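One structure is given below, encoded as structure tokens.
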Amino acid sequence: MSLANQIAENGTMIIISDESTYKATLKDTLKIATQDLCCYVTFNKTCSSLGDFFKKNGVPLKNVKFIDAITRTIKDVESTQDCTYISSPESLTELAIVLKKHLEFPFKYLIFDSVTDLITYADVNNVKKFIKSISYQCGEAKCKLILIAVENSDNKAMIRTLGTFVDATITYQKNQ
Amino acid sequence: MKEQENSDADLSEQTSAEDIKLKIQQNPAEPKHERKHKTKPTAQPQKTAEHSSIEDIKTKLHKNPAEHKREQKTKQTHPAQETAEPSSFEDIKKKLQQNIAEPKREQKIPITGGDYIGTGVPGIDELFTLGIPKGSSVLVVGGPGSGKTIFCLQTLYQAAKAGEKVFYITLEESPDRLKSHMKDFGMHDIEELERKGKFLIKKFSPIDITRQIDAMLEQAKGELLIDLKPLLIPNSFEPDRVAVDSLSAIAAALFGKEESYRLYIEQLFTLLHETTATSFLISETPDPTQKLSVSGAEEFLADGVLIFYNVRHGNVRESAFEVLKMRGSGFKKKIVALQINAEDGIIVYPEQEVFTSI
């Protein structure tokens, strides 16, 4: 089944990639999501470098609103209409407040890039609580939650646990 | 190509939010009523009004009342999902930016005028069933930088704006500095409230208070009834709301005289109970999860306890708020998120749980 079909069929999902397919996963997932209103949360790269990456790869960003948890750990920056900055990937409560406000608007997709990066910053139990809560809120708001995960030998068990909070675990394959 | 097909298939099953957007993209100037009509599911267009009402009755008859309530609550929780008709994604982004920068909440409990009062601080009053019983003495606990002083200034300011007379007793910072803080947090007309006789800020030296306490204790020679009123509240001013910032400063000045401090605190609470003023007494404590006050008696003497947390995890700190106790009023027993916003001061999110270990 194609990635698009799998995304269409599920409300909340985790898309598992590895280091070699991670960038392709981001590109292909956002290509699908950007057909509608999409909120993209980054715990990995800054919003500006992600913007460059997607533009270079022909992913239109006109329907995308970014939430950036990285830039403010490097420099002080004011939020804009295209990107809301939060203090740090560790500030889960601050992120939850910002996400709640976003989910009051008709976003169809909420993408976390990546949930495995989030685990490296924040306490695992708090991340589990957070994902459960956001997953529930997305369900209420009829917004699809897509968690991107980069699997390695250290985080397999954690990803499996997160998989129990969502409707589907999708393993990314190139040219799906 | 395949993706395009999928996308087309998706479009035939648009949710109402998608319909809104699609419709807006097609014709942004289309009248409101038409847009609403098209957001309805199109799968059963032949449904008559009568038919749908019978279906509604059947659904309602089979629906568990709790489930029905839950559904209604969900609708209230996401009003924008039901009613938002943003004209473009640019508008949505603009509104989001405004909502994040200036979150506004409705004041459900009147700040003044009843047997129960509101704090006027966004989100806090929603944690109470009725409000804070008028005349209560409330201990405001927290570590450094947790928002205790801003909270007290904010609630007194809101009360003064609502017509009450308020009195801020400071034992640490100067009145000018406090007024400067207030302006930083959007309370720009503090001087006007002062001129109108609604807001009084007075600085007391903890050392002077200590000397007076010592002298009075010496005079009283073991008697517990000490008239503390002249020490704090001017005779000419009958406040509706008082803040004392802070009990910890008095305790520090009475270091080594724990018995004197204990007697003073007992008398202070007795005095506050006798007045009709609602009082907020700041207790600074390094870790409110371990200790709420200097002597350990303050939290038992007070009618209410509000805790401001400022928890460090990793490289960041997150703030949280809790109503621990409030005699004579129901309240939600949970720790909720708090933010200190440069423009608006303290904002509490009564429905937002905290993703940190407290």
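Just so you know, all these numbers are worked out from the coordinates, no wet-lab data involved. Note that the structure is predicted; figures quoted are calculated from it, not measured. A quick note on method: Cβ atoms are made from the backbone with ideal geometry, for glycine too, and the neighbour counts reach across all protein chains shown.
Which of A:Ile67, A:Ser79, A:Ala33 sits farthest toward the positive end of the charge dipole of the range A:3-171, with +1 on the Cβ of Lys and Arg and -1 on the Cβ of Asp and Glu?
A:Ala33
Please tell me which of these pairs span more than 19 angstrom C-alpha to C-alpha: B:Lys108/B:Lys198; A:Lys101/B:Lys161; A:Lys132/B:Lys332; B:Lys165/B:Lys333; A:Lys101/A:Lys142; B:Lys179/B:Lys291? Please report the intermediate quantities before stating the final value.
Working: B:Lys108/B:Lys198 23 Å; A:Lys101/B:Lys161 29 Å; A:Lys132/B:Lys332 22 Å; B:Lys165/B:Lys333 31 Å; A:Lys101/A:Lys142 14 Å; B:Lys179/B:Lys291 30 Å.
Listed pairs above 19 Å: B:Lys108/B:Lys198; A:Lys101/B:Lys161; A:Lys132/B:Lys332; B:Lys165/B:Lys333; B:Lys179/B:Lys291.
Shape call for the range A:3-171 from the C-alpha gyration tensor, a ≥ b ≥ c root eigenvalues: rounded (a/c under 1.5), prolate (a/b greater than b/c) or oblate? Please report the intermediate quantities before stating the final value.
Values: a/c = 1.19, a/b = 1.09, b/c = 1.09.
Judged from the Cα gyration tensor, the range A:3-171 comes out rounded (a/c under 1.5).
Counting helices only, and only those DSSP H runs with n ≥ 4, report the 222 nm mean residue ellipticity of chain A as the sum of -39,500 (n - 2.57) divided by its residues, in deg cm²/dmol to the nearest 500.
-12500 deg cm²/dmol
Could you tell me the distance between the Cα centroids of the range B:99-165 and the range A:85-152, to the nearest Å?
First find each Cα centre; the distance between them is then 31 Å.
Shielding of A:82-95 by partners, i.e. mean partner chain Cβ atoms within 10 Å per residue?
On the way: counts 3, 2, 5, 0, 2, 4, 4, 2, 8, 8, 6, 15, 7, 1.
Taking all residues of A:82-95 together, the mean is 5.
To the nearest 0.05, what FRET efficiency results for A:Ser153 and B:Arg312 with a Förster distance of 45 Å applied to their C-beta separation? Intermediate results must be reported in sequence, preceding the final value.
On the way: r = 31 Å, r/R0 = 0.69.
The computed FRET efficiency comes out at 0.90.
Could you calculate the FRET efficiency of B:Lys333 with B:Phe300 from 1/(1 + (r/R0)^6), where r is the beta carbon distance between them and R0 is 22 Å, rounded to 0.05?
On the way: r = 18 Å, r/R0 = 0.83.
Using R0 = 22 Å, I get an efficiency of 0.75.
Once a ≥ b ≥ c are taken as the square roots of the eigenvalues of the Cα gyration tensor of the range A:107-147, is the result rounded (a/c under 1.5), prolate (a/b larger than b/c) or oblate (a/b not larger than b/c)? Write down the numbers at each step before the final one.
On the way: a/c = 4.22, a/b = 1.66, b/c = 2.54.
Because a/c hits 1.5 or more and a/b fails to exceed b/c, the range A:107-147 counts as oblate.
Each residue of the range B:307-323 in turn: what ³J(HN,Hα) in whole Hz from Karplus with 6.51, -1.76, 1.60 and θ = phi - 60°, glycine and Pro shown as x?
Those phi angles translate into 10, 10, 9, 9, 8, 8, 9, x, 9, 10, 10, 10, 9, 8, 9, 8, 8 Hz.
Averaged over its residues, how many other protein chain Cβ atoms are within 10 Å of peptide A:24-37's Cβ atoms?
On the way: counts 0, 0, 0, 0, 1, 0, 0, 1, 4, 0, 0, 7, 9, 7.
Counting Cβ atoms of other protein chains within 10 Å of each residue's Cβ and averaging gives 2.
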